[in-house]
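Just so it is clear, none of the values below were taken in a lab; they were calculated from the coordinates. Because the structure is a prediction, the values reported are computed rather than measured. Please note: Cβ atoms are built from the backbone with ideal geometry, for glycine as well, and neighbour counts cover all protein chains shown.
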Amino acid sequence: MNDNYKINKSLKNTGERPSPVSLFKHLQLRMMILALLLMFSALSAPARAAESEDVRSIFTSISRGLATGNVSAFSKYITGQTYLSLASTASGYYSPNQAFYILQDFLKSMNPTSFRFSILEPEGSPYATGVLHFESKNRKSSAQVYIALNKAGNNWYISQLTLK
């Protein structure tokens, strides 16, 4: 029987107080568990911070690429598991090469003038949204952009890119 059970049993059945020794052992065990939890969370904090910085860097590359219409700036994050959805022209999963050319043609036809993320969540399941401003056929317009990232092994990739 563990000490915790003994403490609870003695309090319930007899109304007696547990001995100072058993209370001390119980407290000591809880303190050890708390110390281990704090140690593990402290060790994982730098890894989470580095991962968050990697994600921010990827979103920066994507932002620059969208603002200038340069798909090459972020094409290394496009895989066969990237879902594209482009304003009534294409949607689905494509090979990285197909996705590159689909995006390149789409952005070329839009002639982007600026892009900025309005929401960027780098932790957990990273995603970002923003507005892409462009000039198409001498008309200024904008499109809502949604981008989500996933991690495979040690590498991040774009899991979804939507322009509507």
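Within region 91-121, if we keep just the residues that are among the aliphatic types (A, V, I, L, M) and part of a helix (DSSP H, G or I), the residue that is farthest from S52 (Cα to Cα) turns out to be M110. With respect to G124, determine if the residue is assigned to a loop (DSSP other than H, G, I, E, B) and over 16 Å from K164 (Cα atoms). It is true that G124 is assigned to a loop (DSSP other than H, G, I, E, B) and over 16 Å from K164 (Cα atoms). Criterion applied to A128, A99 was being surrounded by 12 or more Cβ atoms within 10 Å (Cβ to Cβ), touching an Asp or Glu at 6+ places or on another chain (Cβ under 8 Å) and closer than 18 Å to S61 by Cα, and the one residue passing it is A128. Looking at region 104-121, can you tell me whether even one residue there is among the polar types (S, T, N, Q) and buried (at least 17 other Cβ atoms within 10 Å of the Cβ)? No, region 104-121 has no match at all.
Which one of the conditions (1) free of Cβ contacts under 8 Å to residues at least 60 places away in the same chain; (2) touching an Asp or Glu at 6+ places or on another chain (Cβ under 7 Å) does W156 fail to meet, given that it meets all the rest? Answer for W156: the failing condition is (1). Kindly evaluate S63 against the criterion of being crowded, with 18+ Cβ neighbours inside 10 Å, of a type in the set (S, T, N, Q) and closer than 17 Å to W156 by Cβ. Taking the combined requirement at face value, the residue satisfies it. Put simply, of F115, F106, F100 the only residue that is hydrophobic (A, V, I, L, M, F, W, C), touching a residue at least 24 places away in the same chain (Cβ under 8 Å) and out of contact with any Leu (no Cβ under 7 Å at 6 or more places or on another chain) is F100. Within region 89-96, one or more residues are surrounded by fewer than 15 Cβ atoms within 10 Å (Cβ to Cβ), of a type outside the set (K, R) and farther than 20 Å from K151 by Cα.
Checking region 78-90 against the condition returns no match, with no residue being under 14 Å from W156 (Cα atoms) and in a helix (DSSP H, G or I).
Looking at region 51-68 only, could you name the residues that are more than 18 Å from F100 (Cβ to Cβ) and either among the charged types (D, E, K, R) or in contact with a Cys (Cβ under 6 Å, 6 or more places away or on another chain) (or both)? Across region 51-68, the qualifying residues are E51, E53, D54, R56. Across region 131-144, the qualifying residues are those that are assigned to a strand (DSSP E or B) and charged (D, E, K, R), and the one among them that is nearest to I58 (Cα to Cα) is E135.
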